[in-house]
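See below for the structure under consideration.
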4 protein chains.
Amino acid sequence: MTKIRVTVWGENVHERTNETVRQIYPSGMHQCIADALNAAGGIAATTAVLDQPDQGLPPGRLEETDVLIWWGHAAHGDVDDALVARICDAVWAGMGVIFLHSAHFSKPFKHLMGTPCNLTWREAGERERIWLTSRHHPIAAGLPDHFELEQEEMYGEPFGIPEPLETVFISWFQGGEVFRSGVTYKRGAGKVFYFRPGHETYPTYHDANIQRVIANGVRWAFNPEARLAAPSAAPNTPVENALEAIQERGPKLHAKGESGYK
Amino acid sequence: MTKIRVTVWGENVHERTNETVRQIYPSGMHQCIADALNAAGGIAATTAVLDQPDQGLPPGRLEETDVLIWWGHAAHGDVDDALVARICDAVWAGMGVIFLHSAHFSKPFKHLMGTPCNLTWREAGERERIWLTSRHHPIAAGLPDHFELEQEEMYGEPFGIPEPLETVFISWFQGGEVFRSGVTYKRGAGKVFYFRPGHETYPTYHDANIQRVIANGVRWAFNPEARLAAPSAAPNTPVENALEAIQERGPKLHAKGESGYK
Amino acid sequence: MTKIRVTVWGENVHERTNETVRQIYPSGMHQCIADALNAAGGIAATTAVLDQPDQGLPPGRLEETDVLIWWGHAAHGDVDDALVARICDAVWAGMGVIFLHSAHFSKPFKHLMGTPCNLTWREAGERERIWLTSRHHPIAAGLPDHFELEQEEMYGEPFGIPEPLETVFISWFQGGEVFRSGVTYKRGAGKVFYFRPGHETYPTYHDANIQRVIANGVRWAFNPEARLAAPSAAPNTPVENALEAIQERGPKLHAKGESGYK
Amino acid sequence: MTKIRVTVWGENVHERTNETVRQIYPSGMHQCIADALNAAGGIAATTAVLDQPDQGLPPGRLEETDVLIWWGHAAHGDVDDALVARICDAVWAGMGVIFLHSAHFSKPFKHLMGTPCNLTWREAGERERIWLTSRHHPIAAGLPDHFELEQEEMYGEPFGIPEPLETVFISWFQGGEVFRSGVTYKRGAGKVFYFRPGHETYPTYHDANIQRVIANGVRWAFNPEARLAAPSAAPNTPVENALEAIQERGPKLHAKGESGYK
């Protein structure tokens, strides 16, 4: 059986510049996540980082990626707008995508949501408890109704996202907040999953439950169908090819064979 | 009772350059729509067009607009990106917005949806029948379960939009297509309504049912609450102000009082 | 301006049998809620209780009710199935309905949801903090982004409801749980709002924020259009009345003018 | 790889009493559908009919069914309420279910939806064209953007269902109507798919595209996780077992260890 091809993209900034983060993730968070996915079964994960040529995603790479995972924080603004457009195109054509933690403010996530994606936050190493709200959702397969991360950054509501297709997880925070921590969307032919945990100063991506959610998310977001060739095309259907026979009538704007406006 | 303040924005291109369109809408489609709204009761509608200073929406105008109506077609690409950003900010802060017909490809609609917003189309003056799918929806108040436009441009599925919050209308076309013609969304604090009919070579905006849908849409999209001051803000909640007493612990990335990354 | 006609239905059991509850709500929770609504402006609220004739809702009462509010707990099983059917019919025809707290297990709520509507619970007088998740939602008008009830019963996820149309509020509980406390639905032509707080041993319905949510909910659920005459009808459209001219062809099951199966 | 276990339930009335139907489906529609599923790969389908003992679904049968397919029309009222309750319990516990055509008025579908599920209809052998509205949805895998059934019964909007989780297909009818022909829901832990085509006097279930949709629907509705043991349970979490240490305070209704009201 062919494996699901995952590219884990990380900005890889704090892993190099912050000693705490480096000690937790000596090969980077992206590598930690990819290692866990490769151990999960049925997934072939590789990595890409911001300071590589083409910011790690040269032409052709997205076409060979079934599911893209994105983690960014300090360098959101450095991501090329042209790359953001290519990512959105790939999603609309059928690529799955998972945004992790601070990627709520990444360019591709904001572009796919159409909303501010803002929230409240606090970095105090407090306890987070993640509750399942959609029983038997494939993203929660094998997980209990709740599990904990002893130390995490807090993200609080109101979370500036569109009403989700499904709310899968909601987090409880020790300091008094709640947050919709696992939400799904569809954008064009592609599936989108946002998953909250993963502040870089804590060992969250070493946690077995977190790894399981991400692997489940990959399987959920994967679509085996061939990528759409032209996900944004707006084809004209000429009157002579109409599915039901009709007569053209009335005034027209467009000459025959002319393209529409974009 | 205070009236709802509506700004009807039109690109006003074909009304000036195409004789057919000029004859149907001698004062422009925007003016036809505004006139109908002003006659509907409880609404104070004004207009704005592309070739005015600041493309018709100078600083302050959106702040005094409760609901923005947008019609564009030939000149989508001419709309300033900075204006698009101001419009999205206003919607996220609570302004209602209605996109009409070819505005499915306008910059602000695509930006708010996060999808290609594409479709199939045919300009043949065929019959369109609009069916109600959500009974008693306020946008359909006073309308029958179906009504017709004898001549319209065809728009066909698949329509590249996110799964709507509500599907209010679906259109039947003589040539064999269907289309989700009335769909609602919420983006930030603002309500969004897309309504399909309105090709410029037909007298659609003179139709009583169409005028009623647009007036209903204005009332539905209107929010009497004050605009949010900072709809994209992501405030830090310091540990000493946490709603529940907690102790800061573990490693930190951010110095005290530092802003988050955007 | 005509007032919205609200009927507040309460089972009125513990108010009579439990001394604690009687002291907090000497006239019953239903009366406390109705008094608050009558003071809110634009609403004319009356009450109905289980031990009245026809369980408080005789023929004609629902027809004169714009929005029904339902509180039940100990006597869910005593509510007549025929009354439940009349309530659902009224909702499908356009009546708004608000279910409060333990009404999650009431017959009409379960019937309208099609799910178990179950949850976890704990009666320990713990703190509940209610967070807004849908900014500027009319049900949250005038409310802060969060507010507290110092003592409440805990309800926890997973909450066995369908994916809501909108999630308006999520609760945080001191003991570690979260709960989708304010959720909306549409059923037929009628709007449905479930709101969690209101355990009978605490003074929740005396709280100003809670009273405001319920009054907002009434205004949101109210539909000024006339009730649908036959919300469950499945009319046949004979071929001779088809909107487009078609010829009948092929084999048939039904004789001309015959009703469909139900 | 283990096959998905499907039970195709048919009321099997018109196949026995109507000569036209018998000729098209000599072994019954249920058998035609089961045969197609068994040929599709990865699916092991068996059948059950109304006039068997326990109406074809004796104790234990649903427990061994991964996905139930339901076709009924003339005999909706004969289905035992106790069986309907067992079906809903199985869905809430994780069983997938697909309702076909006239099953929109079946007891289990109405019970799971909480709405009238009504529509308009016409039996005239007209052309139906089914349009895809959610590109790359797994239920549409391998299908074109539209396909036709030359003769079908018409079902028209407004369709009295809750706002779907996803609208996958919309039908165009020759006589002028539209209909949301493929819609998905989740109810408890179980997935629900309604698919419109299949009037018994036409050879719809012999159509390759229709067979493909149903096989796709089975794969989509299947959940490999173990069925929930008690999908309607509402467990008490005693204060001494609270996830966060809290002190019980305030008045109580329930004695220690007491069950909640249902």
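Quick notes
- Filter pass, C:Leu149 being in contact with a Ser or Thr (Cβ under 9 Å, 6 or more places away or on another chain), of a type in the set (A, V, I, L, M) and closer than 28 Å to D:His254 by Cα: yes
- For region D:172-215, filtering for residues that are at positive phi, open to solvent by less than 10 Å² (accessible area, probe 1.4 Å) and at the interface with chain C (Cβ under 10 Å from one of its Cβ atoms) leaves 1.
- Subset tally (residues that are open to solvent by less than 60 Å² (accessible area, probe 1.4 Å) and free of Cβ contacts under 8 Å to residues at least 60 places away in the same chain) for region B:216-229: 0
- Residue check, B:Ala82 assigned to a helix (DSSP H, G or I) and either without any contact (Cβ under 8 Å) to a residue 12 or more places away in the chain or closer than 20 Å to B:Tyr194 by Cα (or both): yes
- Within region C:102-142, tally of residues that are in a loop (DSSP other than H, G, I, E, B), open to solvent by less than 10 Å² (accessible area, probe 1.4 Å), out of contact with any Ser or Thr (no Cβ under 9 Å at 6 or more places or on another chain) and not hydroxyl-bearing (Ser, Thr, Tyr): 1
- Flag if C:Leu68 is among the hydrophobic types (A, V, I, L, M, F, W, C), touching a residue at least 12 places away in the same chain (Cβ under 8 Å) and within 24 Å of C:Glu163 (Cα to Cα): yes
- Pick from region B:4-50, criterion part of a helix (DSSP H, G or I), within 14 Å of chain A (Cβ to nearest Cβ) and of a type in the set (A, V, I, L, M), ranking: surrounded by the fewest Cβ atoms within 10 Å (Cβ to Cβ): B:Ile24
- B:Val97 vs. criteria among the aliphatic types (A, V, I, L, M) and within 28 Å of C:Ser134 (Cα to Cα): yes
- Test set (1) open to solvent by less than 20 Å² (accessible area, probe 1.4 Å); (2) in contact with a strand residue (DSSP E or B) (Cβ under 8 Å, 6 or more places away or on another chain) - C:His73 fails condition number: (2)
- Enumeration of residues in region D:205-262 that are basic (Lys, Arg) and closer than 25 Å to C:Thr115 by Cβ: D:Arg219, D:Arg227, D:Lys262
- Some residue of region D:231-253 being open to solvent by less than 10 Å² (accessible area, probe 1.4 Å), facing another protein chain (nearest Cβ under 9 Å) and in a loop (DSSP other than H, G, I, E, B): no
- Total residues in region D:65-79 satisfying the condition of being assigned to a helix (DSSP H, G or I) and charged (D, E, K, R): the figure is 1.
- Note on region C:143-171: residues that are charged (D, E, K, R), away from chain D (no Cβ under 11 Å), closer than 20 Å to D:Glu244 by Cβ and open to solvent by 10 Å² or more (accessible area, probe 1.4 Å) amount to 1.
Let's see how each residue does on (1) among the hydrophobic types (A, V, I, L, M, F, W, C); (2) within 19 Å of C:Gly198 (Cα to Cα):
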position	(1), (2)
C:Val8	yes, yes
C:Glu11	no, yes
C:Gln23	no, yes
C:Gly56	no, no
C:Arg61	no, no
C:Trp70	yes, yes
C:Val91	yes, no
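- Residue match in region A:221-230 (condition: of a type in the set (S, T, N, Q) and farther than 21 Å from A:Arg61 by Cβ): no
- The set of residues in region D:94-122 being at the interface with chain C (Cβ under 8 Å from one of its Cβ atoms), more than 10 Å from the chain's Cα centre (by Cα) and either in contact (Cβ under 8 Å) with a residue 40 or more places away in the chain or more than 26 Å from C:Gly94 (Cα to Cα) (or both) consists of D:Ser102, D:Met113, D:Gly114, D:Thr115, D:Pro116, D:Asn118, D:Leu119, D:Thr120, D:Arg122.
- Residue match in region A:178-185 (condition: under 30 Å from B:Thr201 (Cα atoms) and in contact with a helix residue (DSSP H, G or I) (Cβ under 9 Å, 6 or more places away or on another chain)): no
- Among the residues of region A:154-188, those identified as under 14 Å from the mean Cα position of the chain (by Cα), free of Cβ contacts under 8 Å to residues at least 40 places away in the same chain and closer than 17 Å to C:Arg135 by Cβ are A:Pro164, A:Val183.
The values are calculated or read from the model by the stated rules, or taken from the named source; none is laboratory data. The shown structure was predicted, so the numbers you read here are calculated from the model rather than taken from an experiment. Note that each Cβ is placed from the backbone with ideal geometry, even for glycine, and that neighbours are counted across all protein chains shown. All accessible areas refer to the heavy atoms of the entire protein, side chains included, with ligands and DNA or RNA removed. Shrake-Rupley method; radii C 1.70, N 1.55, O 1.52, S 1.80 Å.
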